[in-house]
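Have a look at the structure below before the remarks.
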Amino acid sequence: MPQQNNKRLLDKIKPKWEIGYHFSEEAAPEKWIPATVPGAVQLDVMQAENYQQPYWYADNVKQFDWMEDYYFTYRTSFPRPDLHPGQRLCFHSKGIEYDFKISLNGTQLLEQEGMFTYVDLDLTDQLQDINELQVQIKPIPKVAGAPAYTPGTDTYRQHARESAKPAVSYGWDWHPRLVTRGIWDETYLEVRSSTYLTASTVTYQLNEELSQAQVQLNLEGKALAGKHYKWSLTTESGQIAIAQEGILSSNTESISTQLQEPALWWPSGYGSPTLYTSEVTILNAEQEELDSSHSKVGFRRVKLLMNEGEWDKPLVFPASRNRAPASLEINGRRIFAKGTNWVHPEIFIGLITNETYEKQIQLAKEANFNILRIWGGGITNKESFFDLCDEQGMLVWQEFPLACNNYTDKASYLAVLEQEATSIINRVKAHACLAIWSGGNELFNAWGGMTDQSLALRLLNSLCYRLDPYTPFVPTSPLNGMGHGSYLFYDKTIGTGEEVFQWMQRADNTAYTEFGVPGVANLEVLKQYIPPHELFPPKRETAWETHHAFGAWRKDSWLELPFLEEYFGEITSLEDLVRFSQLTQSEGLKFIYEEARRQKPYCSMALNWCFQEPWPVAANNSLVNWPNILKPAYYEVAAACRPVLASLRVPKFLWHEGEDFICEPFLLNDTYDPIAPAQITVTLLYDGGKSLKVTTWTCPGAPEFQNSQGSKAQLPLPDMHGSFFTVSVEVESNPAYNSRYTFMYRGKNETGVKPGAAF
């Protein structure tokens, strides 16, 4: 038999798991059922005990409520593997949710609170001929004295204020009360050499001219001292940019060198997201490979600057501070950050795959987005998410798991937060896509109640500075100058009631980091989870309410039926409900994105709430229905975010007979290419083929990263037979810049839409 090399085996052993539940920590489960890993305890019980499926149909989700206060134990049995001299058997898990103990053959090896810190345990010295590994997961975290969960109120999140478990699963206005637990990420046994790497990261600092990078390879591992290393950094074409080797002197070591003229990583729309490949190999004295590591490296410099014009704004005495910086600069160039708020795409996060991420990140890129804000109420995504963002040039605004709560200053919570945040930072900081660290979502608001002095935020700031000092940090979103909301097409709480067209034109924000307009889900989507007898008309205490159409945020949100009937009259079919709701979502969101861009350079960012949803939502602000079905608003937003386009500023959506139609043309340019002069014609189209020219603008073009603004134009509205009209904006010789808008028309004494009206 040939002699075995003392080499780390790349084969991973994925054992079969069982799961059982019990009401006390000491009790044993009455029965064991098959478990899927990665997965969730709820899914395993549902499958084994014949629950109503699918879980997302009607109100089936309520079947899981009883599980919150139970313990769940995973177990697996395996024989002692045939280990060669110097080999070790280790247990590795990238995600166990949330508070758990791990034991082998009855001996506890680890107790951990926190789901984002990887588990890596050497089992070798405790092995027997036949072994049983158990993972016991405690009941969900709850806060003593916090109010019970009440749908439609803010009580859902208060039980999360003393834990690092994402608050969203306690219930949100687009997420049911479903507090998930289980082994949710890749988990396996692995036979290793006694010498292996536990971390291999590349950090760097670019000089001011971006022409030189001081590069550092940081290695950590077991039994590394005295071992030989080889390190190479290669370009995308396979050329070697760095090649070094030597002898390691300890288990923690840093190797420094310089790289001249590095090719830079750019976000989508501003250049190529160039990535180098770092490869590290550890060898013994006989030059036999013991372990290796591969990773991608993107060289870029990111800064968060004061928005142009902010320092010029006069402060009235007694003076305070100016607004917070919100303008992203990448590699010395300011960009306009067009993007969205990202929530994890599955309630059961163990079901998220690389394919799930790949499809949705590609959709985000095709929507002309360049940044994703990873909302603090949700998870820190799996590793493949960040790899894909690196590859696609998609910037990431990463928040820590804090949202809409006054998180405690208790030492026990801060210790868990420090553990989790350290793990998150060390994992994510290696990715070129990372643009901003944020303490969390809406923490400085009345419903959050935190301040700059809250210990959790001071801790997070200090950790980011120590571990990743060159990535910007903001304590929360929004900060002063940034805007969250509104989330409605017509908001009665603003003045005497305003359309999005009015409040957005009056807004004066450095960044719009959350905004939305609700839209009913696609017709075929609704039919998949609302029972046929409940489909129309939508009513409370049906699947419409379970899936957040009623009472989810305000009384009528997110269906907003009173608004729809005020504008469109009595709605007599599900088809009309869907098309009218989706029309206002499409036109409203398109207007906000374009208006934010029209407010450049003072405004530097527009991120809608939200991109997708983690389960089927009957009415919501999302652009993508679960699991991956595009709403019409997606296409309108994609058009509004094109790098260059002709755009109209219009004062309202609903027009009346006898009014003058008013508009103001713009040429929007977010690129660093100058745009040539052109004739731009604005035309009103109505009644199935009639047209009137509103104006022709001799546009002087647009300088690099600047807009051009035309003169305001107006035209008396013609008498129309239809209830809708279209306005086209056409750019001579460059139809790729053209735009179209739909508006509503109401004649005298009309209260809604004419029968059969099309748009």
Practice task
Give me the lysines in straight-line cross-link reach of Lys14: C-alpha distance below 25 Å, same-chain residues under 8 apart excluded.
Solution key: Lys31, Lys94, Lys101, Lys138, Lys222, Lys382
Fill in the blank from the handout: Asserting the computed 222 nm helical MRE of the chain (DSSP H runs at least 4 long, -39500 (n - 2.57) per run, divided by residue count, to nearest 500) equals -5000 deg cm²/dmol
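Would you mind getting the accessible area per residue of the chain, heavy atoms of the protein chains only, 1.4 Å probe, in Å²?
Value returned for the chain: 39 Å² of accessible area per residue.
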Fill in the blank from the handout: As straight-line cross-link partners of Lys600, the qualifying lysines (C-alpha separation under 24 Å, not fewer than 8 residues apart within one chain) are Lys303, Lys313, Lys338, Lys365, Lys590, Lys652, Lys712
Practice task
Place the peptides 445-457, 85-97 in order of packing, highest mean first, counting for every residue the other Cβ atoms within 10 Å and averaging per peptide.
Solution key: 85-97, 445-457
Handout entry: Sum of side-chain charges, Ile19 neighbourhood, beta-carbon under 9 Å (Lys, Arg +1; Asp, Glu -1)
Key = -1
Fill in the blank from the handout: Between the alpha carbon centres of segment 516-570 and segment 345-369 the gap in Å comes to 25
Problem - Largest to smallest principal axis extent of the C-alpha atoms in segment 192-263, angstrom - result: 43, 25, 18
Handout entry: Distant-in-sequence amide H partners of Asn131 (H built 1.01 Å from N, under 5 Å)
Key = Phe78, Arg80
Handout entry: Dipole magnitude of segment 612-759, debye to nearest 20 (Cβ charges: Lys/Arg +1, Asp/Glu -1, about Cα centre)
Key = 300
Problem - Whole-angstrom gap from segment 249-281 to segment 43-104, using each part's C-alpha centre - result: 38
Practice task
Averaged over every viewing direction, what's the projected area of the C-alpha convex hull for segment 211-329? Give it in nm², one decimal, please.
Solution key: 11.5
Problem - Overall Cα dimensions of segment 17-110, principal axis frame, Å, largest first - result: 57, 27, 22
Handout entry: Separation in nanometres of the label points that stand 7 Å from Cα toward Cβ, at His92 and Arg506
Key = 5.7
Completion exercise
Unpartnered Cys in the chain, judged by a 4.7 Å Cβ-Cβ cut-off, are Cys90, Cys404, Cys464, Cys603, Cys610, Cys641, Cys663, Cys699
Completion exercise
If R0 = 22 Å, then Asn354 and Leu121, at their Cβ-Cβ distance, give a FRET efficiency to the nearest 0.05 of 0.30
Fill in the blank from the handout: Note, segment 622-629: 3J(HN,Hα) by Karplus (6.51, -1.76, 1.60, θ = phi - 60°), whole Hz, Gly/Pro = x, goes 5, 8, 10, 5, 5, x, 6, 10
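Whenever you get a sec, line up Trp342, Trp503 from highest to lowest accessible area (probe 1.4 Å, protein heavy atoms).
Trp503, Trp342
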Exercise for the section: Sort 309-315, 114-120, 414-420 for me by packing, meaning the mean count of neighbouring Cβ atoms within 10 Å per residue, highest on top. Expected result: 114-120, 414-420, 309-315
Completion exercise
In Å, the C-alpha Rg and Dmax of segment 443-520 are 16.4, 49
Practice task
May I ask you to give the percent of accessible area on the chain that is carbon plus sulfur, with a probe radius of 1.4 Å?
Solution key: 49
Practice task
With +1 on each Lys and Arg Cβ and -1 on each Asp and Glu Cβ, and nothing else charged, work out how big the dipole of segment 62-146 is about its Cα centre, in Debye to the nearest 20.
Solution key: 120
Completion exercise
TM-like helix rule applied to the chain (DSSP H, alpha carbon span at least 15 Å on the long axis, mean Kyte-Doolittle at least 0.5) gives 455-467
Fill in the blank from the handout: So for segment 170-228, using the alpha carbon gyration tensor with a ≥ b ≥ c as root eigenvalues (a/c under 1.5 gives rounded; past that, a/b versus b/c decides prolate or oblate), I'd call it oblate
Exercise for the section: Can you figure out the FRET efficiency of Leu692 with Ala319, using R₀ = 60 Å and their beta-carbon distance, to the nearest 0.05? Expected result: 0.70
Exercise for the section: Sort 399-409, 231-241, 325-335 for me by packing, meaning the mean count of neighbouring Cβ atoms within 10 Å per residue, highest on top. Expected result: 399-409, 325-335, 231-241
Fill in the blank from the handout: To the nearest 0.05, the calculated FRET efficiency linking Glu366 and Thr726 through their beta-carbon distance, R0 being 30 Å, is 0.80
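Label segment 58-110 by shape, choosing from rounded, prolate and oblate, from the square roots a ≥ b ≥ c of the eigenvalues of the Cα gyration tensor; if a/c is under 1.5 it is rounded, and otherwise prolate applies when a/b is larger than b/c, oblate when it is not. Walk me through the numbers before you get to the answer.
Working: a/c = 3.11, a/b = 2.70, b/c = 1.15.
It is prolate, given that a/c is not under 1.5 and a/b is the larger ratio.
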Completion exercise
Per the rule of 0.36 nm per residue minus the C-alpha distance, extending Arg540 to Asn628 adds in nm 29.0 nm
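The values are calculated or read from the model by the stated rules, or taken from the named source; none is laboratory data. Note that this is a predicted model, so its numbers are computed, not measured. Neighbour counts are summed over all protein chains in view; Cβ atoms, including those assigned to glycine, are modelled from backbone coordinates with ideal geometry. Note: accessible area is taken over every heavy atom of the protein model, side chains too, but ligands, DNA and RNA are not part of it. Shrake-Rupley method; radii C 1.70, N 1.55, O 1.52, S 1.80 Å.
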